[in-house]
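Visitor: Please see the structure below; I have some questions.
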Amino acid sequence: GFTPERFERELKDLAAKAKSDTRGNRLLGQATLYVKAAALLTLLGIYSNASQLALSPVYGSVPAAGWHSKALMAGCFVGWAGNLALRQLLRPLGTARLLPLVALYVPVMQCFLYSFSEALGASWGPLVTEGVTLVPLAILTAACVADELEGADLSSLPKGLGEAVPGIGSWATFKLVEHVAEKMLQRHVGTVFWYTRMGLEMLLAGCYAVFAPSRWLALAIPALVHTAMFNPHVATPAATALLNSTLAADHWLLLDRRESVTGYVSVVENTQSRMRVMRADHSLLGGDWVDWRGNQVTEPIYAVFVNLEAIRLVERERPVADSRAKAL
C-alpha cells in the first residue's frame, strides 16, 4: 500500500531520473539506436550477396537471382510489420538473440537442401533454399530494426513523415549496403577464406553473435561442427576428403577447386575413363582425355571461347538472324 517511505523513495527515483536525463544522454541514446539499426541492416545487405553466391554453384547465378529480391522484400515486410507479434512470440529468447542462431544454421540448411536440387530444379530450388535460410534472417533483422527504431525521437518532423521515415530510411540503407557489398565482393571474392561463400557466411554469423551474445549460442555448436567437418562446400581437408569419398561412388575425383571473380571453379576427373573436366559454378567449361594426349600440353579452353566469339562478329554479305546463327 501507500506509505510515506514509499512516496519518498519514488520521489528520489524521479529526481535521479530527471538529473540523468540530460541533453547529452538523450543524444547518446538516440545515436546508439541508429548505430544498432545500421549495423543490422549492413549485415543483412552483405548476407544478401553471400546467399546468392552460395546458390550459384548449384543452380547458376541467373536462377539464383530470379526470386531473390522478391523473397527478401517479403521477408523484410513481414518482419517490419510483425515485430510486436514476434517480440511476444519469441519470449524469453527474444528476436535479437535468435538472429545469430539462425545465421549459424544457414550453411547447414543450405547443405541439406542442395541434396534435393535435382528434384527442385533451377526454378524452385533457389526460392525454397532462400525461403528456409535468407528469408527468416530478413524477417528477424527487420523486426530487430523496427524494435530499435521505436525509441527514435522524430517529434520534430510532421506526424505523417515521422511515421514513414524509419521504414523508408531502413530500406534505402539496406539497398545501398547491398549494392556496395556486391561491388566489393566482385573484386575480392576468393582472395582469402573470409571472402569465400561459406567463409563469408560464417563471418557474418560471428558478427550477429557479437551483436547479440547469449547463452543460447551453445545451441549452435552442432552447426559449427557440421560446417567445419562435414560441409563439402567448405574447402577444409576433412570436408574435401568427405566430398571425394562421395564422388568415388560415381568414379569421380576432385583435383582442385577455387573461388574467384569468374565463379566457383573446380577440376574433376573420371577415374575410369580418365576424362578431366573444368566447371565454373554449375556450367561445364570443357574437358580433356588425359590418357589420350599423354604428356602434351593442350590448348586452353579460353582460346576456344575467343574463336567462337570472333566467328560471331564476322560480317556477312547476307546477315543471319540471331535465332539461326551458330558459331560452331
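Only the coordinates and a few stated rules stand behind these numbers; no lab work does. Everything quoted here is computed from the prediction, not taken from an experiment. For neighbour counting, all protein chains shown are included, and Cβ atoms are generated from backbone atoms with ideal geometry for every residue, glycine included.
Visitor: Multiply the residue gap between Gln272 and Leu176 by 0.36 nm, knock off their C-alpha separation, and tell me the result in nm, one decimal place.
Guide: 29.5 nm
Visitor: To the nearest 0.05, how large is the calculated FRET efficiency for Ala310 and Arg257 if R₀ is 30 Å and r is the Cβ-Cβ distance?
Guide: Details: r = 30 Å, r/R0 = 1.01.
E(calc), rounded to 0.05, equals 0.50.
Visitor: Which residues make up the longest stretch of the chain clear of GluC sites (Glu not before Pro) that lie in a DSSP loop with no more than 13 other Cβ atoms within 10 Å, not counting the sites?
Guide: 151-314
Visitor: Find how much the distance from Ala31 to Ser61 grows on full extension, using 0.36 nm per residue of separation minus their present alpha carbon separation; answer in nm with one decimal.
Guide: Numbers: separation 30, 0.36 × 30 = 10.80 nm, distance 3.84 nm.
The span from Ala31 to Ser61 would gain 7.0 nm if fully extended.
Visitor: Sticking with this structure for a sec: Using only Cα atoms, find the angle between the long axis of helix 134-149 and the longest principal axis of the chain, and express it within 0 to 90 degrees, rounded to the nearest 10.
Guide: Between helix and principal axis, roughly 30 degrees.
Visitor: Could you state the angle between the C-alpha long axis of helix 301-313 and the longest principal axis of the C-alpha atoms of the chain, as a value from 0 to 90 degrees rounded to the nearest 10?
Guide: Relative to the chain, helix 301-313 is tipped by roughly 90 degrees.
Visitor: Related question: Give me the number: length gained by fully extending Arg215 to Arg324, i.e. 0.36 nm times residue separation minus the C-alpha to C-alpha distance, one decimal in nm.
Guide: 32.9 nm
Visitor: Can you give the angle from 0 to 90° between the axis of helix 117-132 and the longest principal axis of the chain, with both taken from C-alpha atoms, to the nearest 10?
Guide: Its long axis makes an angle of about 20 degrees.
Visitor: Next question, about the same structure. FRET efficiency for Val192 and Ser156, Cβ-Cβ distance as r, R0 = 45 Å, nearest 0.05?
Guide: 0.50
Visitor: Obtain the nm distance between the two label points defined at Ala280 and Met109 by a simple spin-label model: each point lies 7 Å from its Cα along the Cα-to-C-beta direction.
Guide: About 3.2 nm, to one decimal.
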